[in-house]
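Shown next, in C-alpha cells, is the structure this report addresses.
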Amino acid sequence: MDIQKMADIATKLGIAFPSAEVYGGYSGFYDWGPVGAELKNNVKRAWWKEFVHGSHEVVGLDGSIITNPEVWKASGHVEHFHDPIVVCKKCGKRFRADHLIEDALDINVEGKSAEEMTEIIRENGINCPACGGELGEVKLFNLMFSTQVGPYEGSISYLRPETAQLIFVNFPRLYQVARKRMPLGIAQIGKAFRNEISPRNFLFRLREFEQMEIEFFFDPESDECPYYDEVKDYEALVLTAKMQERGEKEKKMKISEIVPDIPGREWIVHWIARSLKWYEKIGVKKDLLRVREQLPDERAHYSQGTWDIEFYFAGMGWKEIQGVAHRGVYDLSRHQEHSGKSFEAVRPDGTKFVPMVIEPSWGVDRVVLAVLFSAYDEEEKRKLFRFAPIVAPYTVAVFPLVSKDGLPEKAWEIYINLLDEELNAVYDEKGSIGRRYRRQDEIGTPWCITVDYQTLEDNTVTIRDRDSMEQVRISVDEVIPWIRERMKHWKR
Ligand code: GAP
C-alpha cells in the first residue's frame, strides 16, 4: 500500500477525489464523497465528544474564516508565515526549495535561510527536476491566501491559515463568557487555507484542509494538572530532540520522561497521552504512532517547544498528523500590544497575568488518512477497511435476503428503527447477498443484518461481523443493545 494506491481506492469508493475532476482537478483541493463525508464527520464528532464534552475545562468556538487583517499582522503570519520557493530559469516551474533539496540529497534543511538553501543548490548542482534547467535564487513565499473584502480596492484580508488565531483574538470575550475560569481550553474545528507551493500526497498536503485545535490557557504559577496520575506512566514510541542529534531511533518510553521541567509540563504530558489514547479509540494503530520532539530550528515562530505526533505512512515514512506546541504568552501578548486591549486573566488574590498556552492541533484530513491506512486490509477474497465502529461511515447495513414476499418491508422497518436510534444505517436490496456483504466490507461497515424467511416466523435476524465474517442469529428486539455493546468494547 502506498499513498497513490490509497488515493485510487478512495476515489473509486467515493471517499475523497480531486476537486472538479471533470476539469482535471485542482492541485491541493479535494472533494469528499458520500462515504468520506460520513467518515470525516464521524472523526470530527468523536473528537468533539472526547475533548470538548469529555473535558471539564474545555468549551467550543466557531470563529470566522476571514477576519480583520490586523489579526494576521499581530500574530506574525504576515511577517513570518513563509516557505522557500525556487523558480527554474528555463521552464519557469516553481518548487518548494527545502523539499527539492531533501529529495535530491536526503538531508533535512528545516530552519536554513533562503541564502543558505541557494548555496546548497549551487554547491550540489541541483537542477530543475522537470526540465534539467538552472534554478534561480531561493525566495520566501507567504502562504496566506489573500482576498479582497467588499467592493473597495486595497481592502485585503486573508483566509485563515490556522483556526487558532480566532481563539486567541477572542480570548478577552471568551474568558468573560467562561466566568473567568482558569485553566480554560477553547476548542475549534474548521477549515484552514495555505497556498502550499507543492501540495502533494493525496490528503496529506492540501491548500484547503481542516483543523481541530485546542488552545489551553493556564496560569504558569498554578500549572498542576489534576489528571496527571492517569497519564504519567503512559508509554509510547518517542524520539526526543537529543535522540535525533545522536542519530538514534524512536523507542518506547513514558511520555512524562520526555517533557522537560517547563511551565505547563503536566498539561503537555496530559494532552499528548490523551491524544494517543484517542487515536486508539478511533482505530489508528498504536505501533504506527510516535511522538517526535521538534528540533529548535524546526519550530514555528511562536513555539517554545513542540512535540509532533507522527504516523508511519507506508511509502512516505513518519509524517506529522498533529502538533502539541507550547506557545508561551506569544499570541496573547502580541494581540494585547497590537490592539491596546487587555488580554490578562485575574488570580483569586487579584493579581493579573497573561495566560500561557499549550496547543494540541490536529489536521482532520491527515487523521482521516491515518485511519484509512490503519484500517485497510487485503485478504485472499476481499479488500476491506476494518474501521473502528465509532468512525465507520455506516455502522450497520440491512438487507432483505430476497426482494419479495414481505422481506423488504420487514428489513425497511428495522432500518428505520436503527436510524431512529441514531445508528447510521444503510439499506441495500440490490444483487446477491454475497456481493452485498462485499460492498459493505469494502467501505468498512462493521455489521450486516439480513432479514430472511425465518424472520417472518420468529422475529429473528442474522448479524454478520465484518472482521470475523461470523454470523449470529438474534431477536430483532436485541439488535440495538447488541450493536451498542460491541461499539463500546471494540478493540483493533
Ligand atoms: N495552530 C498551529 C498550527 O496550525 P501546524 O503544525 O502548522 O500548526 C497543525 O498545523 C496541523 O494541521 C498539522 O499537524 C497537520 O495535521 C495539519 N496541516 C497543516 N498543514 C496542512 C496541509 N497543508 N494539508 C493538510 N493538513 C495540514
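The values are calculated or read from the model by the stated rules, or taken from the named source; none is laboratory data. Since the model is a prediction, treat every value here as computed from it, not as a measurement. Glycine also receives a Cβ, built like all others from the backbone with ideal geometry; neighbour counts cover every protein chain displayed. Calculation scope for accessible area: heavy atoms of the full protein, side chains included, ligands and nucleic acids excluded. Shrake-Rupley method; radii C 1.70, N 1.55, O 1.52, S 1.80 Å.
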For residues that are aliphatic (A, V, I, L, M), touching a strand residue (DSSP E or B) at 6+ places or on another chain (Cβ under 6 Å) and open to solvent by less than 30 Å² (accessible area, probe 1.4 Å), tally how many sit in the stretch 237-254. 3
Inside the stretch 439-483, can you point out the residues that are charged (D, E, K, R) and in contact (Cβ under 8 Å) with a residue 60 or more places away in the chain? Glu442, Arg466, Asp467
So the check is Cβ under 8 Å with 6+ separation or different chains; which pairs have a first residue in the stretch 245-264 that's hydroxyl-bearing (Ser, Thr, Tyr) and a second one that's surrounded by fewer than 14 Cβ atoms within 10 Å (Cβ to Cβ)? Ser256/Asp233
Any strands (runs of 3 or more DSSP E) falling wholly within the stretch 156-231 and containing at least 3 residues that are crowded, with 21+ Cβ neighbours inside 10 Å: 184-193, 208-218
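Look through Ile321, Ile358 and report the one residue that is modelled with pLDDT of 95 or more, under 30 Å from Asp106 (Cβ atoms) and assigned by TED's automatic domain parsing to the domain that holds Val71. Break it down stepwise before answering.
On the way: Ile358 fails: under 30 Å from Asp106 (Cβ atoms).
Exactly one of Ile321, Ile358 is modelled with pLDDT of 95 or more, under 30 Å from Asp106 (Cβ atoms) and assigned by TED's automatic domain parsing to the domain that holds Val71, namely Ile321.
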Of all residues in the stretch 300-315, which are in contact (Cβ under 8 Å) with a residue 60 or more places away in the chain, within 11 Å of the ligand (Cβ to nearest atom) and farther than 21 Å from Met356 by Cβ? Phe311
So, first residue at positive phi in the stretch 104-123, second residue open to solvent by 60 Å² or more (accessible area, probe 1.4 Å) and of a type in the set (Asp, Glu), Cβ within less than 7 Å, six or more apart or across chains; the pairs are Gly111/Asp297
The stretch 268-299: number of residues that are touching a residue at least 40 places away in the same chain (Cβ under 8 Å) and over 22 Å from Phe387 (Cβ atoms): 15
Positions within the stretch 260-314 being touching a strand residue (DSSP E or B) at 6+ places or on another chain (Cβ under 9 Å), aliphatic (A, V, I, L, M) and either outside the structural domain of Glu162 (by TED's automatic domain parsing) or surrounded by 18 or more Cβ atoms within 10 Å (Cβ to Cβ) (or both), in sequence order: Ile268, Val269, Ile272, Ala273, Leu276, Val284, Leu289, Val291, Ile309
Which strands (runs of 3 or more DSSP E) does the stretch 401-488 wholly contain that include 2 or more residues that are under 35 Å from the mean Cα position of the chain (by Cα)? 425-427, 447-451, 460-465
Starting from residues that are without any contact (Cβ under 8 Å) to a residue 24 or more places away in the chain, open to solvent by less than 80 Å² (accessible area, probe 1.4 Å) and not in a strand (DSSP E or B), keep the ones in the stretch 143-155 and report whichever is farthest from Glu79 (Cα to Cα). Gly150
Among the residues of the stretch 190-224, write down those that are of a type outside the set (S, T, N, Q), more than 8 Å from the ligand (Cβ to nearest atom) and more than 22 Å from Ile167 (Cα to Cα). Ile197, Arg200, Phe202, Glu221, Glu224
Test: Ala345 is assigned by TED's automatic domain parsing to the domain that holds Ala192 and within 12 Å of the ligand (Cβ to nearest atom): no
Which listed residue, of Val398, Val357, is of a type outside the set (Ser, Thr, Tyr) and either in a helix (DSSP H, G or I) or under 26 Å from Lys488 (Cα atoms) (or both): Val398
Out of all the residues in the stretch 278-304, which are modelled with pLDDT of 95 or more and closer than 24 Å to Asp261 by Cβ? Arg290, Val291, Arg292, Glu293, Gln294
